[in-house]
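Participant: My questions will all concern the structure given below.
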Amino acid sequence: MQETILHGWQDETWPTIKSSQSLPMGEGVIDQTAFNTIEIDKVFEATDYAATTVGQATLYRSLCQPLTDIKAIKAKQDAVSELRKNQKLKGQIEQLVENAAATEKNLHLLLFGEFIGAFNQSRSKNEIEGYGYRQYKNGVQFIQEFVCNVQAVEKSKSKYLNDLFNKVKSFTETRYWSLMEGPVYFVEGKITSKEERGDSYFPVPVIFKPQLFKPLLLALIFGLLWLISIFSPVNIAPSLRTVAVFFGPLLLLYFPIVGGYDRDNCIIPLRDEYKKAKPVAELLDVLGQLDELLSFMKFADNFGHNTVLPKFEDAKHHRIHLVSAVNPVLGKENPKYVGNDFVLDDDKLVLLTGPNSGGKTAFCKTVTQIQVMAQIGGYVPAKAATLTVADRIFYQVPEISHLDDGEGRFGTELKRTKDIFLATTAKSLVVLDELSEGTTFEEKMEASSNVLNGFYRKGNSTILITHNHQLVDQFAKAGTGVPMQVEFAKDAPTYHLVPGISRVSHADRVAKKIGFSKEDIDNYLANSK
C-alpha cells in the first residue's frame, strides 16, 4: 500500500513534488540503484503534464513505486479509456483540476504555513501574517470547493474513477468535514464538531468562527461596561459616551487576546488535525490521481510519436513485445528518433552487441522505462506493446569500487549481481551492462557464463549489453540466447536493432570524435616540443 502524498509531506516545511522514494531491494519493483540507472527522474520530467503539485507528486510516486497488481493497472487504463470516450466527463474533471490548481496554494499555506506574528509582514510563500483567519478560511474553502466539484461530476463506467468519487463522498461523512463545515466548539480544552457534541448544552462551549470581529462577544463586553457604569459605587453617568471611554481602550486588548486565543487554541490545532488526518490525505490523493490521469493523456497527445496503452498478459515468466518503441526521454525532443521492435518471449535471454555510441544503452533504457511506464497505468511510446507485469526491474552498470570495500572492481560488481540474482523471480526483468569487469579474459568468460546460465535457469527476462562477442557466440551456439546488434552503415550508427553479433567496437571512431585518437596524440606531442 503506497503512503499518501500528504503523509510523505509530514516532515516537509512546504510540499515538494519529489517526496516519494523507490523501495529497498526486494520490496518494490525498482530499488534506488535501478531508479538512478533507468533515469526515472528524467522520465518524470518528460511525461509530467500534471497541473497541481499533488498531481505531480502522485505521478512521481507512481514512477518510484510502479504497480504489480495487474487488475489495478488495468483499472487505471480503463479510466483513461473512459475519459477518452466520454468528453463531457473529461471536461468536468479537467475543470475541477484547473480550479484546484488555481487555489491549491491556499491549502498548502494552511497546513504548512509558519505563523510570524500579528504585526509582521510575510516575505515568503510559507509565512502567515496576522492571526491566520484568512488562511484558515481559504484552506478550508479549497477542500469544500473540491468536494462540491467532484460531487457535481457525472457517474462513470470506470471502477477506478467511481472508487475515487466514492472516497470523496465518504469524506463528507467524517469528523474533518464536519469541522470544516462548522460550527466548531472548544469544550474543556478539546475541539469538537457539531455531530460529536450532539444536543448537549453543558458545559457551555466556546464557539470558534474564523473571524476576528465577533458581534456577540463585542455586545457582551459593551453590555458589561454599561452595567458597570450603572451600578458602580463611583458616581459615573450611565451614557453611551461614558461606555465608549472605557470601550475604546479595551478594544486594544481585544485584538491580541481574541486573535491569539483563536490562533493558538483553534486554528493551529485544527490545521494540525487536518494535516495528520488520513481522510484528508486520501481526499488530496484523489485530486492527485485525477490529475495524473489527465497527465497521461496530455503526454500521449504531445509526445510527437506513436503512443499506446499497452496490453497486459498473465504468464509464468516475464514477456515483452514492443513495436516501434521510442525512448520517452530522448524521443520527446527528437521527431526523427528511430523506433525499434523488440520481442522477448520464451527465449528469456537477449545478448546485445555493437560498436560504442551505437545506441545499446539507449535501447535498454527504452525497454526498462517503457516497462515502468506501463506499470503505472499510462501510455507508452510505441505503436504496439504487449507485456507482463514485472515484479522486479533491475539495471546493473559497471561500478567503481570503494577504498573501504576490500573487493576491488570485480568484487563490487559481483556483489551487486549476486543481490540482483537472489532478488529476481521468473517474472523479473534484468538488464546487465557488461559482466565481470576487472579480471582476465579467461576468468571473465567463465564468470559471465556462470552468471548468465544462472539467470537463464531462473527464468526471468535478461538483456546483456556486451562487447564480448566470444561470450555471445557461446550462448548462441547453445541455443540459450538470442544475439542482437545495433546496426552501423557507412561507419555511422543507424540506431536500428537487427539480428546478429557485432565483432567490432569502432573505438577508433569514438576516439577521433572526441579528439583523442592516435593521430591526435601524435599531433599534440609534435606541437608541444
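The values are calculated or read from the model by the stated rules, or taken from the named source; none is laboratory data. None of these values were measured; they are calculated from a predicted model. Positions of Cβ are generated from backbone atoms using ideal geometry, with glycine treated the same way; all protein chains shown enter the neighbour counts.
Condition check ((1) in contact (Cβ under 8 Å) with a residue 24 or more places away in the chain; (2) closer than 28 Å to E273 by Cβ) across all residues:
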site	(1), (2)
E3	no, yes
H7	yes, yes
W14	yes, yes
F35	yes, no
T58	yes, yes
Q65	yes, yes
I70	yes, no
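Participant: So, restricting to strands (runs of 3 or more DSSP E) that lie completely within the range 417-504, which ones have at least 3 residues that are assigned by TED's automatic domain parsing to the domain that holds A390 and under 17 Å from T368 (Cα atoms)?
Facilitator: Of the strands (runs of 3 or more DSSP E) lying wholly inside the range 417-504, those with at least 3 residues that are assigned by TED's automatic domain parsing to the domain that holds A390 and under 17 Å from T368 (Cα atoms) span 429-433, 461-465.
Participant: Looking for something surrounded by fewer than 16 Cβ atoms within 10 Å (Cβ to Cβ) and polar (S, T, N, Q) - is there at least one such residue anywhere in the range 25-35?
Facilitator: yes
Participant: Restricting attention to the range 108-127, and to residues there that are in contact (Cβ under 8 Å) with a residue 40 or more places away in the chain and not in a loop (DSSP other than H, G, I, E, B), which single residue is nearest to M297 (Cα to Cα)?
Facilitator: Out of the qualifying residues, it is H108.
Participant: Out of curiosity, is L322 at pLDDT 95 or above and more than 20 Å from T462 (Cα to Cα)?
Facilitator: no
Participant: Consider the range 299-342. How many of its residues are buried (at least 17 other Cβ atoms within 10 Å of the Cβ), of a type outside the set (V, I, T) and under 27 Å from D163 (Cβ atoms)?
Facilitator: So the count comes out to 5.
Participant: Go through the range 434-458 and report how many residues are within 20 Å of R319 (Cα to Cα) and either in contact with a strand residue (DSSP E or B) (Cβ under 7 Å, 6 or more places away or on another chain) or surrounded by 17 or more Cβ atoms within 10 Å (Cβ to Cβ) (or both).
Facilitator: Residues that pass the stated criteria total 4.
Participant: A follow-up question, please. Go through (1) within 29 Å of P66 (Cβ to Cβ); (2) among the aliphatic types (A, V, I, L, M); (3) modelled with pLDDT of 90 or more for A476 and report which single condition fails.
Facilitator: Failing condition for A476: (1).
Participant: Looking only at the range 264-280, filter to residues that are touching a helix residue (DSSP H, G or I) at 6+ places or on another chain (Cβ under 6 Å) and under 14 Å from G139 (Cα atoms); which one of those is surrounded by the fewest Cβ atoms within 10 Å (Cβ to Cβ)?
Facilitator: K275
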